[in-house]
Amino acid sequence: MEDIKHRIIEVNGINMHVAEKGQGPIVLFLHGFPELWYSWRHQILSLSSQGYHAVAPDLRGYGDTDAPPSVTSYTCFHIVGDIVALIDSLGVDQVFLVAHDWGAIIGWYLCLFRPDKIKGYVCLSVPYLPRNPKSKPLDAMRDLYGDDLYICRFQEPGKMEVEMAEVGTAYVLRNLLTTRETDPPILPKGEFGTGFNPNMPQTLPSWLTEDDLAYYVTKFEKTGFTGGLNYYRNFDLNWELTAAWSGMKIKVPVKFITGELNMGYKNVKDYINGGGFKEVVPNLEEVIVQKGVAHFNNQEAAEDISKHICDFIKKF
């Protein structure tokens, strides 16, 4: 880990913290919520040892990257703009992309807006869900799950931050990172409560050490959760801004990997495996479902994920 280099790069009007290691073709890693570059620690070491230049930023609003104060500074265009500027700053025309959770959503937008920048995309946990021109995302989510779905509860600026502060940063991170719930989380009214994980274990799983958790806690105690929550607060605005891309397909070569216990996977299982996903992502080359693995598969099944990444990108 001490061989991973860290630097700050100016991109799209903000300062972005980047962790990197190795030389060769660039593999760019985008993390999710509530995470950091650190979520890719295993893949950075693995890929850099196999002839690749692994690059993992803290995304806008996270860790040691700037966090603009305005909620509307976290649209898909802002985040994709950051990533395109990062790619350009690395002095290459194209990269291999690997992304998870919110990073995966940003990865799909990146492939939609700037496919010229991406040689191939290994997507973890979140499939491409094309824009529905007839329904705003939050309306659709409320209709399906009600007002206490976590995404709906994240919407009001400042409110969830207070509820998270009541239980503490360490509790929130332990609660989220250890969840093996397969249904989208419904939060107790008016409080974070047991949050994402009513069955939170007393001891951490083998893939997440106390030192790992402490790293996340240290960073989020410094920044708070607002930056990450602001991504959720732009679901409807992103929908409005991307009307011109309705009906567009993702043309980039893709490999998709999810844990079978990933929250919400069972709700999109038929779409992923029944041809709907392939219809909108025609160059979807492979779908991998990891048995017994939950949402944070890049950490829980780190070696397996690193192998899948290498197997895919070495074909190019």
Please give the Cα centre distance for segment 66-118 versus segment 1-63, rounded to the nearest Å. 13 Å
Taking 2.2 N^0.38 Å as the expected size of a compact globular protein, what ratio does the Cα radius of gyration of segment 1-127 give against it, to two decimals? 0.95
Roughly what would the spin-label model give for Tyr145 and Asp211, points 7 Å off Cα along C-beta, in nm? 3.5 nm
Counting heavy atoms of the protein chains only and a 1.4 Å probe, report the per residue accessible area for segment 1-71 as a whole number of Å². 36 Å²
Note on segment 57-162: alpha-carbon gyration tensor, axes a ≥ b ≥ c; rule is a/c under 1.5 for rounded, else prolate if a/b larger than b/c, else oblate; result oblate
Once you have the Kirkwood Rh of the chain from its Cα pairs, apply Stokes-Einstein at 20 °C and 1.002 mPa s and quote D in µm²/s. 109 µm²/s
Kindly flag which residue pairs out of Lys222/Lys255; Lys136/Lys251; Lys21/Lys159; Lys136/Lys269; Lys189/Lys249; Lys222/Lys251 have an alpha-carbon separation exceeding 32 Å in this structure. Lys222/Lys255; Lys21/Lys159; Lys189/Lys249; Lys222/Lys251
Accessible area per residue of segment 109-227 at 1.4 Å probe, in Å²? 48 Å²
Rounded to 5, the percent of DSSP beta bridges in the chain classed as antiparallel: 35 percent
Hey, any idea what % of the chain's accessible area is carbon plus sulfur with a 1.4 Å probe? 51 percent
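The values are calculated or read from the model by the stated rules, or taken from the named source; none is laboratory data. Just so you know, these numbers come straight off a predicted model, no measurement behind them. Because the Cβ atoms are built from the backbone with ideal geometry, glycine has one as well, and the counts that use them run over all protein chains shown. What goes into the accessible areas is simple: the full protein's heavy atoms, side chains included, and nothing from ligands, DNA or RNA. Shrake-Rupley method; radii C 1.70, N 1.55, O 1.52, S 1.80 Å.
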